[in-house]
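> Pasting a structure below so you can have a look.
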Amino acid sequence: MKSNILVINGHPDPQSFCSALSDAYRKGASGSKAQVRSIDLSKITFNPNLQFGYRKRTELEEDLVEAQKLIQWADHLVFVYPTWWGVMPAILKGFIDRVFLPGFAYKYRKNSLTVEKLLTGKSAHLIVTADAPAWYNKLAYGNAEYNVMKRNILKFCGVSPVRVTELGPIRGSSDKFRAQWLGKVNQLGSKLA
């Protein structure tokens, strides 16, 4: 059982299907003894551009300071987002750029290519919507869109294991399929918690 769960909605539109999926997961997890909190990137205020890279510190906005506190608090991170152009939306990438900073998510080691992973002890689940079926993303692209988030970001910072649930194709899907996906995500939340 994961006692502290943080659900991060990475879709910029508050009326998106990803928002409904985030709510479904949160409701499923809330029916247990777990503590559940959420971050909706469509509702917080921050500049997604890491303006100076790592050369010069960009002060974190209040919403990002709170996001770091919630990530530290969480045992399990749930990211809900669409696949656009084979990757996450720009707002989610900007959130990661601004929040998963050296000294918070990882720490460089002197004279080494490896880093100290500062988010160990946490697990994650990616709930991702796509316009192509899962088999096509795997066959045509080798699931590249998940490898970036799973391996290059989360595992790099020590978050493991990272599970992936892909829902699609979304474009043209019926209300019946969407209702089934919402039920599935609700169950994922209740099973984990």
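The values are calculated or read from the model by the stated rules, or taken from the named source; none is laboratory data. All values derive from a computational prediction rather than experimental measurement. Virtual Cβ from ideal backbone geometry, glycine too; neighbours counted across all protein chains shown. Side chains are part of the model used for accessible areas, which takes the heavy atoms of the whole protein and leaves out ligands, DNA and RNA. Shrake-Rupley method; radii C 1.70, N 1.55, O 1.52, S 1.80 Å.
> Out of 35, 51, 68, any idea which swings most in a Gaussian network model of the chain, alpha carbons joined below 10 Å?
Highest fluctuation of the listed residues: 51.
> Please give me the summed charge of the neighbours of residue 105: other residues whose Cβ is under 13 Å from its Cβ, Lys and Arg +1, Asp and Glu -1.
Around residue 105, the charge tally is +3.
> So, one more: I need to check one value: relative contact order of the range 32-112, counting alpha carbon pairs closer than 8 Å and at least 6 residues apart, in percent.
Reported relative contact order: 36 percent.
> Using θ = phi - 60° and the Karplus curve 6.51 cos²θ - 1.76 cosθ + 1.60, what whole-Hz ³J(HN,Hα) does each residue of the range 152-158 get, with Gly and Pro shown as x?
Once θ is set to phi - 60°, the couplings for the range 152-158 become 6, 10, 5, 5, 4, 8, x Hz.
> Determine the calculated [θ] at 222 nm for the chain from helices alone, applying -39500 (n - 2.57) to every DSSP H run no shorter than 4 residues and normalising by the residue count; nearest 500 deg cm²/dmol.
Rounded to the nearest 500, the figure is -10500 deg cm²/dmol.
> Within the set 27/138; 150/176; 43/176; 150/184; 33/138; 122/176, which residue pairs have Cα atoms separated by over 25 Å?
27/138; 150/176; 43/176; 33/138; 122/176
> Ranked from highest to lowest mean number of other Cβ atoms within 10 Å per residue, what is the order of the peptides 15-25, 74-84?
Per-residue mean Cβ counts within 10 Å order the peptides as 74-84, 15-25.
> Just name one of 134, 15, 153: the one whose Cα is farthest towards the positive end of the charge dipole of the range 4-192 (beta-carbon charges, Lys/Arg +1, Asp/Glu -1).
Among 134, 15, 153, the one farthest towards the positive end of the dipole of the range 4-192 is 153.
> Something else about it: What whole number of Å gives the distance from the Cα centroid of the range 29-75 to the Cα centroid of the range 121-144?
Going from one Cα centre to the other spans 23 Å.
> Next up: With the chain treated as a Gaussian network of Cα nodes joined by springs under 10 Å, which of 171, 55, 37 yields the largest mean-square fluctuation?
Its mean-square fluctuation being the largest, the pick is 55.
> Report the local net charge at residue 183: Lys and Arg +1, Asp and Glu -1, summed over other residues whose C-beta lies under 15 Å from its C-beta.
+4
> To the nearest 10 square angstrom, what accessible area does residue 13 show with a 1.4 Å probe?
Per-residue accessible area (residue 13): approximately 70 Å².
> Still on this structure, please answer the following. Running a GNM on the chain with Cα contacts under 10 Å, which residue among 139, 167, 92 ends up with the highest mean-square fluctuation?
Maximum among the listed residues: 139.
> Describe numerically, in nm with one decimal, the distance between label points set 7 Å from Cα along Cα→Cβ at residue 57 and at residue 120.
The two pseudo-label positions are separated by 2.6 nm.
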